[in-house]
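Peer 1: Please find one structure pasted underneath; my questions will follow.
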Amino acid sequence: MADLTTRFASIIECVRSIHGFGYIPLHRPVFEGNERQYLADCIDSNFVSSVGAKVTEFEQQIAAFTGVKHAVATVNGTAALHIALQLAGVSRDDEVITQALTFIATCNAIRYCGAYPVFIDVDRDTLGLSPDALRRFLDQHAEIRHGQVFNKTSGRRLSACVPMHTFGHPCRIEEIVALCAEYNIPVVEDAAEALGSYVGMRHTGGFGRLAILSFNGNKIITTGGGGMILTDDAKLADRAKHLTTTAKIPHPYEFVHDEIGYNYRLPNLNAALGCAQMERLPEMLAVKATVAARYAAICAEAGFPFIQAPLGAVSNYWLNALVLESLAERDAFLDYSNGQGVMTRPIWRLMHRLDMFRDCSHDGLENSLWLEERVVNIPSSVPDGALQSLMP
Ligand SMILES: Cc1ncc(COP(=O)(O)O)c(C=O)c1O
């Protein structure tokens, strides 16, 4: 095999052949459709803030695309997760099962509810919560009392499980949902990164009692900032709408609120951006699959494992990732690529190593630690002009 620098250089050459010259960011948005028009429509109509037809239209588009019955727009994905957890029944001093290998928002939202994350290991192939590790944890610690499940070691109630579909690769969500059902633990899918990802024919976010999406500027489609709560349950969807819109009782002119609600509304302007982005989502997914296939080929040639869609799943390839041999090799790659003006980055620092979550319990996290030392992301945007010319 060629020396390491030559192998790194072949990856960077491939990045440049896809994304061009100059500085290459990890992920940037693409506005090649009706974005300007829809934004202008909002400004012309004066509906730029928290009321407007584009919000409902965007919610309907997401529901239709994902096949989940109800979609409630929010100001960002973190807010969506905060409310989804509340609706799943998470309350103060509970524990919520999740993965340490995730973005900080997953754990912040759990703490907003006053609950504590419990970190369970992930699978090396999906990068998502491992059903085997979950089974081991539940067998050892979970105890059902009067229809509720408790962690008999800590004494706290286990009120939800939040698996995350890392980089758009679906985790083994069917097994996780089945396992949680045995213990009557609601599943809230953190599908922030997984719009356009499927297990079988079913869209991610359609498996749990609730799920969330993010439309942050770095996501597969963006509203500038934005999020969505997904659920098949009409009552939960109504509650989600109520809580995220200041818990105001609908009335033509009176302002009466019946509980502590949140101003988590997605402005109409942002929703307008989302509507235009949704019109191009199928093409964006096709282009991203093409980019991922090129990366997979060069990684195979250069001898670096490339994270692929798990068997039976379709991934949106939001962020492409490869696996280096060791921490030293990872850091050498990060230095080399960033030094060449190609943005690459390590996977997140594991949550249990951050000060805020240091005292939370975990199961040893063998795979998470292994991945933390080795996984890097490489530029994954839809290339300029690709929607027109790079179509498969
Ligand atoms: C896994 C995960 N969860 C939650 C979020 C929160 O989304 P937002 O940034 O829209 O608040 C993000 C993305 O940013 C994410 O990647």
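Peer 1: Report Rg (one decimal) and Dmax (nearest whole number) for the stretch 106-149, counting Cα atoms only, units Å.
Peer 2: Spelled out, the Cα radius of gyration and Dmax of the stretch 106-149 are 12.8, 37 Å.
Peer 1: Roughly how compact is the chain, stated as its Cα Rg over 2.2 N^0.38 Å to two decimals?
Peer 2: Working it through for the chain, the quotient is 1.00.
Peer 1: Rg and Dmax in Å for the stretch 26-119, alpha carbons only: what are they?
Peer 2: Considering the stretch 26-119 through its Cα atoms, Rg and Dmax are 17.2, 49 Å.
Peer 1: Please report, in whole Å³, the volume per residue of the convex hull around the C-alpha atoms of the stretch 273-392.
Peer 2: Cα-based convex hull of the stretch 273-392, divided per residue, equals 181 Å³.
Peer 1: Compare 164, 284, 228 in a GNM of the chain, Cα atoms joined below 10 Å, and give the one with the largest fluctuation.
Peer 2: Result for the chain, Cα springs under 10 Å: 284 fluctuates most.
Peer 1: Using a Cα-Cα cut-off of under 29 Å, which lysines could be cross-linked to residue 241, ignoring same-chain neighbours fewer than 8 residues away?
Peer 2: 54, 69, 219
Peer 1: Return the Rg/Rh value of the stretch 224-336, two decimal places, where both radii are evaluated on C-alpha atoms and Rh is the Kirkwood radius.
Peer 2: 1.18
Peer 1: Under 1.5 on a/c is rounded, so check that first for the stretch 17-68, then, if it is not, pick prolate when a/b is larger than b/c and oblate when it is not; a ≥ b ≥ c are the square roots of the alpha carbon gyration tensor eigenvalues.
Peer 2: Verdict is oblate for the stretch 17-68.
Peer 1: Over the chain, what is the percentage of antiparallel beta bridges among all DSSP beta bridges, to the nearest 5?
Peer 2: Taking every DSSP beta bridge within the chain, about 65 percent pair in antiparallel fashion.
Peer 1: Considering every Cα-Cα pair within the stretch 103-210, what fraction, in whole percent, is farther apart than 22 Å?
Peer 2: Taking all Cα-Cα pairs of the stretch 103-210, the fraction more than 22 Å apart is 28 percent.
Peer 1: Next question. Take each uninterrupted DSSP H stretch in the chain, measure its Cα extent along the helix axis, and return the ones at 24 Å or beyond whose mean Kyte-Doolittle hydropathy is at least -0.5.
Peer 2: 268-302
Peer 1: Given a Förster radius of 30 Å and the C-beta distance between residue 262 and residue 13 as r, what FRET efficiency does 1/(1 + (r/R0)^6) yield to the nearest 0.05?
Peer 2: The formula returns an efficiency of 0.05 here.
Peer 1: Would you report the distance distribution of C-alpha pairs in the stretch 216-274 as whole percents per 10 angstrom bin, up to the bin with the largest distance?
Peer 2: The percentages, shortest bin first, are 21, 40, 33, 6.
Peer 1: Something else now. How much FRET efficiency would the formula 1/(1 + (r/R0)^6) give for residue 37 and residue 69, where r is the Cβ-Cβ distance and R0 is 22 Å, rounded to 0.05?
Peer 2: For R0 = 22 Å, the calculated efficiency reads 0.15.
Peer 1: To continue, here is another question. Tally the DSSP beta bridges in the stretch 181-231 and give the antiparallel ones as a percent, rounded to 5.
Peer 2: Around 65 percent antiparallel, to the nearest 5.
Peer 1: Something else: Would you tally the net charge around residue 205, using a Cβ to Cβ cut-off of less than 14 Å, leaving residue 205 out, and scoring K and R as +1, D and E as -1?
Peer 2: Surrounding charge for residue 205 is -3.
Peer 1: Quick check: pseudo-label points 7 Å beyond the Cα along Cα→Cβ at residue 348 and residue 183, how many nm apart are they?
Peer 2: Rounded to a tenth, the inter-label distance reads 2.0 nm.
Laboratory data are not the source of any read-out in this text; all were calculated from the coordinates shown. Here the structure is a predicted model, which is why all the values come from computation and not from measurement. No Cβ is skipped: glycine too gets one built from the backbone with ideal geometry, and neighbour counts run over all protein chains shown.
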